[in-house]
Amino acid sequence: MKWSVLVEVSPRAGISDPEGATVERSLPALGFESVSGVRIGKAIRFEVDAPDATAAESMVSDMCDRFLTNPVIEDARITVEASTVEASTVEASTVEAVG
Amino acid sequence: MNVRVGVVQFPGTNCEFDTADALRLIGVESVQLWHGEATLSGVDAVIVPGGFAHGDYLRPGAIARFSPVMGEIQRHAAEGRPVLGICNGFQVLTEAGLLPGALQKNAGLKFVCQPVELEVASVGHSFGGSMAVGDRLMIPINHFEGNYVCDERTLAELHEHDQVVLRYVDNPNGSLDNIAAVSNKAGNVVGMMPHPERATSLLLGSVDGLAVLGGLVDSAPASV
């Protein structure tokens with residue numbers, strides 16, 4: 001069956017995120033004084049065919065390790081849910097892939 | 001036999017002809033190697049030059065790793081023959097697993113484009129040539145993602161095996177341990193963020209890049 005995948009790529013803990021830091025420093029200029037911990041990454045969405053959610057997650061985790069992220073500097077958060085047609089039958093599940 | 005150097009072209013590479021010109025200045029013949037061809041055309045050394053291979057899509061170097069020429073570069077490197085990655089070429093070599101660590105966005109989120117002073121930290125690698133540890137070089141940098149990073153264990157290994165090749169005297173981008181260039185353990189693969197091909201004439205402010213390229217060429221056993 002088809003699975004909708006969301007891979008959120010973000011800088012690993014301890015890796016500097018100058019883009020996030022710059023946005024965080026800029027927000028007070030608009031009056032948002034209470035924001036902290038801004039991290040900027042990217043989102044990758046796609047669909048895969050897999051027999052079940054575990055198989056889909058395992059496939060995506062492998063993609064993250066080998067291509068979608070650079071494990072030296074990036075972490076991925078993977079969310080897999082049944083594609084809209086079957087959305088009512090399977091609950092969304094989320095795993096953390098730490099490179 | 002004269003040494004021939006292959007200069008790799010990806011879509012988006014933009015320093016390949018400057019690199020060829022720089023090599024010509026030291027009397028070295030080069031050939032351009034198109035990334036889509038799985039051949040190195042019998043060259044003795046390979047340079048992966050700067051630019052934006054495949055538009056830097058996903059991450060700098062992430063897509064270039066899959067180009068047909070990369071398998072041949074892996075093989076060439078595994079035979080102990082010299083490979084030099086410059087700037088984006090350094091990023092490509094880290095993504096390909098030929099060099100340790102990674103290059104992340106510069107500290108301060110600044111694109112830096114300026115001559116920088118470098119200190120030679122090791123000469124036990126493929127372009128040591130006439131350089132000595134402690135020598136100072138003036139070579140320009142031109143990058144947004146040149147902030148070298150690796151985990152603690154990798155850094156300890158870099159020190160243990162003398163793999164830190166060049167350090168910034170005044171760190172311009174936040175690089176760990178002021179690292180501007182590293183080699184693999186064997187010393188035949190080197191990656192550097194500074195552009196030696198842009199320091200080839202006193203009219204450009206420095207000729208120090210010629211020593212770097214000359215060292216690479218000296219180390220390449222000419223094919224018979």
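The values are calculated or read from the model by the stated rules, or taken from the named source; none is laboratory data. Because the structure is predicted, anything quoted here is derived from the model rather than measured. All Cβ positions, glycine included, derive from the backbone under ideal geometry; neighbour counts span all protein chains shown.
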The condition from (1) surrounded by fewer than 22 Cβ atoms within 10 Å (Cβ to Cβ); (2) closer than 25 Å to B:G124 by Cβ that B:L25 misses is numbered (2)
Any chance B:G146 is under 26 Å from B:D56 (Cα atoms), within 13 Å of chain A (Cβ to nearest Cβ) and over 18 Å from the mean Cα position of the chain (by Cα) = no
Given (1) without any contact (Cβ under 8 Å) to a residue 60 or more places away in the chain; (2) more than 14 Å from chain A (Cβ to nearest Cβ); (3) of a type in the set (A, V, I, L, M, F, W, C), B:L210 misses just (1)
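Would you be able to tell me the number of residues in the stretch B:53-67 that are surrounded by fewer than 19 Cβ atoms within 10 Å (Cβ to Cβ) and more than 13 Å from every other protein chain (Cβ to nearest Cβ)? Write out each step before concluding.
We begin by selecting, within the stretch B:53-67, every residue surrounded by fewer than 19 Cβ atoms within 10 Å (Cβ to Cβ); these are B:55-58, B:66.
Restricting the remaining residues to those that are more than 13 Å from every other protein chain (Cβ to nearest Cβ) gives B:55.
The number of residues fulfilling the criteria is 1.
Quick one: in the stretch A:21-38, which of the residues that are modelled with pLDDT of 90 or more and not in a loop (DSSP other than H, G, I, E, B) is farthest from B:N147 (Cα to Cα)?
Kept after step one, since they are modelled with pLDDT of 90 or more, are these residues of the stretch A:21-38: A:23-38.
Those still in the list that are not in a loop (DSSP other than H, G, I, E, B) too: A:23-30.
Working: A:V23: 19, A:E24: 21, A:R25: 21, A:S26: 23, A:L27: 25, A:P28: 27, A:A29: 28, A:L30: 30 Å.
Only one residue tops the list, namely A:L30.
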How many residues of the stretch B:110-150 are surrounded by fewer than 19 Cβ atoms within 10 Å (Cβ to Cβ), in contact with a strand residue (DSSP E or B) (Cβ under 7 Å, 6 or more places away or on another chain) and either in contact (Cβ under 8 Å) with a residue 40 or more places away in the chain or in a strand (DSSP E or B) (or both)? The answer is 9
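Those residues that are hydrophobic (A, V, I, L, M, F, W, C), within 14 Å of chain A (Cβ to nearest Cβ) and surrounded by fewer than 24 Cβ atoms within 10 Å (Cβ to Cβ), I need them from the stretch B:78-97; list them, please. It would help to see each step written out before you state the result.
Step one: list which residues in the stretch B:78-97 are hydrophobic (A, V, I, L, M, F, W, C), which gives B:78, B:83-84, B:86-87, B:90, B:92-93, B:96.
Next, only the ones that are within 14 Å of chain A (Cβ to nearest Cβ) stay: B:90, B:92-93, B:96.
Within the stretch B:78-97, B:A96 is the sole residue that qualifies.
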Check: Looking at B:A181, is it more than 17 Å from the chain's Cα centre (by Cα) and not acidic (D, E)?
Finding: no
Within the stretch A:10-21, residues at the interface with chain B (Cβ under 9 Å from one of its Cβ atoms) and buried (at least 17 other Cβ atoms within 10 Å of the Cβ) come out as A:P11, A:I15, A:S16, A:D17, A:P18
- If you check B:E157 against the conditions, is it within 28 Å of A:F67 (Cβ to Cβ), surrounded by fewer than 20 Cβ atoms within 10 Å (Cβ to Cβ) and either within 14 Å of chain A (Cβ to nearest Cβ) or in contact with a His (Cβ under 7 Å, 6 or more places away or on another chain) (or both)? yes
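Going by what's in this entry, would B:A220 be described as touching a Leu at 6+ places or on another chain (Cβ under 9 Å) and of a type in the set (G, A, S)? Break it down into steps so the answer makes sense when it comes.
Working: touching a Leu at 6+ places or on another chain (Cβ under 9 Å): no; of a type in the set (G, A, S): yes.
No.
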The residue that is surrounded by the most Cβ atoms within 10 Å (Cβ to Cβ), considering only those in the stretch A:61-84 that are of a type in the set (G, A, S) and assigned to a strand (DSSP E or B), is A:A76
Here the residues within the stretch B:98-113 that are more than 7 Å from chain A (Cβ to nearest Cβ) and over 17 Å from A:E74 (Cα atoms) are B:L98, B:L99, B:K110, B:F111, B:V112, B:C113
Within the stretch B:85-131, residues being more than 15 Å from B:R59 (Cβ to Cβ) and polar (S, T, N, Q) number 4
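Given the criterion of a type in the set (A, V, I, L, M), within 23 Å of B:S175 (Cβ to Cβ), at pLDDT 95 or above and in contact with a Phe, Trp or Tyr (Cβ under 9 Å, 6 or more places away or on another chain), identify the matching residue among B:L109, B:L84.
Details: B:L109 fails: at pLDDT 95 or above.
The conditions single out B:L84.
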Next on the checklist: Going by what's in this entry, would B:A211 be described as of a type in the set (A, V, I, L, M), in contact with a Leu (Cβ under 9 Å, 6 or more places away or on another chain), closer than 28 Å to B:V28 by Cα and modelled with pLDDT under 95?
Outcome noted: yes
